[in-house]
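I'd like to ask you about the structure that follows.
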Amino acid sequence: MSDSAEREQAAERWRVYDPDDEHSFPDERVNEVLEYVKNDEQVQAYLEAQNVNPVTRKRYNDHGAKHISIVRNRAMCLYDLLKRGDVPFNGASDQGLAEADEAVIVALAATLHDIGHVVHRDEHAYYSIPLAADLLDEILPEFYDVADAVRMKGEVLHAILCHHTSEEPLTTEAGVVRVSDALDMEAGRSRIPYHQGGRGINTVSSQAIERVSLQPGDDHPVLVEIRMTNAAGVYQVDNLLKAKLRGSGIEDQVRIVALNLEDNDERIVERIEL
């Protein structure tokens, strides 16, 4: 196998969270929670309904079930890479919870962070809090006693709230969810409004992002490589991802490199590094 083929294979390992893989953290509990959520009719109904306001009514990019799947996969893989790099997490530990609960916080927050869109696109993070709280009151007692369910609920809601750049993440778990939300930026993110004729900057710029890859870094626990087909993708990297990474608490652990693959002599930008 060539070096490039090996790199591609390694990159694919960090795109989708596979419960059957070996991970750098205790995964049995989070795998059980993910299976439960996958079969919960109310959660799945929210993930479908939450796309109407941003896409159908606001002509914005995808915030539905596909977006959630991508963000959750990114979050779990980012969490795994950070754990692999011995980065400390404080959300669960500050509450006296187990290490196994870190991944549950990340997974549930990534799943429920956008459900506030059923109320409105604007300020959706704040609408997500009461809606997610109700769902967590049904989900968490299946896995935790009363005291631990309360603590887990607070940590998940904190991570949901802090995916909004106006709020400060106080836990590493929340920082992972915040950054992972911005890592859904490949061309497919704009699939719905693009095909319906939408041409906003989010749509056009995300069309320019060919691939986002997570992998272990040489001098950072995580390397995020972004391949762009033209300079329009800079908006996604600089205005959206950079804003999410700034203040996330994991800025020093993540290296981001964006490459412009446009094949002409008039490229505005060839490489961006955050």
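The values are calculated or read from the model by the stated rules, or taken from the named source; none is laboratory data. What you see is a predicted model; the values in this text were computed from it and never measured. Quick reminder, even Gly has a Cβ in these numbers, built from the backbone with ideal geometry, and neighbours come from all protein chains shown. Side chains are part of the model used for accessible areas, which takes the heavy atoms of the whole protein and leaves out ligands, DNA and RNA. Shrake-Rupley method; radii C 1.70, N 1.55, O 1.52, S 1.80 Å.
Can you sort R178, R151 by 1.4 Å-probe accessible area, starting with the largest? Before the final figure, lay out each step's value.
Values: R178 10, R151 90 Å².
If we order R178, R151 from most to least accessible, we get R151, R178.
Using the Cβ atoms and a cut-off under 11 Å, what net charge is assigned to the surroundings of L135, where Lys and Arg are +1 and Asp and Glu are -1?
Values: positive: K153; negative: D40, D134, D137, E138.
Neighbour charge sum, excluding L135 itself: -3.
Amide H neighbours of R211 under 5 Å, at least 5 residues apart or on other chains, H built in the peptide plane: list them.
R227
Let me ask something else about it. What are the ³J(HN,Hα) values, in whole Hz, obtained from phi via the Karplus relation 6.51 cos²θ - 1.76 cosθ + 1.60 with θ = phi - 60°, for each residue of the stretch 59-67 in sequence order, with x given for Gly and Pro?
Each residue of the stretch 59-67 in turn: 6, 8, 7, 4, 10, x, 4, 5, 4 Hz.
Using the heavy atoms of the protein chains and a 1.4 angstrom probe, tell me the accessible area per residue for the chain in square angstrom. Could the numbers behind the result be given before it?
Values: 12380 Å² over 274 residues.
Averaged over the residues of the chain, the accessible area is 45 Å².
Given Cβ point charges of +1 (Lys, Arg) and -1 (Asp, Glu) and nothing else, what value in debye, to the nearest 20, does the dipole of the chain about its Cα centre take?
On the way: 28 positive and 51 negative charges, 260 e Å.
So the magnitude is around 1240 debye.
Using a 1.4 angstrom probe and counting only protein chains, how large is the accessible area of R13 in Å², to 10?
70 Å²
Roughly how much of K38 is accessible, in Å² to the nearest 10, using a 1.4 Å probe?
My reading of the accessible area for K38 is about 120 Å².
Moving to a separate point now. With charges set only on the Cβ (+1 for Lys and Arg, -1 for Asp and Glu), what does the dipole of the stretch 1-153 come to about its Cα centre, in debye to the nearest 20? Spell out each step's value before the answer.
Numbers: 16 positive and 31 negative charges, 184 e Å.
Using Cβ point charges on Lys, Arg, Asp and Glu, the stretch 1-153 gives about 880 debye.
Sum -39500 (n - 2.57) across every DSSP H segment of at least 4 residues in the chain, then divide by the residue count to get the 222 nm mean residue ellipticity, nearest 500.
Only helices count here, giving -14000 deg cm²/dmol.
Solvent-accessible area of Y126, probe 1.4 Å, all protein chains present, reported in Å² to the nearest ten, please.
Result for Y126: roughly 80 Å² accessible.
Here's a follow-up. For Rg/Rh (Cα atoms, Kirkwood Rh), pick the label among (1) 0.96; (2) 1.22; (3) 1.04 that corresponds to the value derived from the coordinates.
(1)
By average Cβ neighbour count within 10 Å, what is the ranking of 109-116, 60-67, 156-163, 20-27 from highest down?
On the way: 109-116: 28.2, 60-67: 20.9, 156-163: 25.5, 20-27: 13.5.
Result, highest mean first: 109-116, 156-163, 60-67, 20-27.
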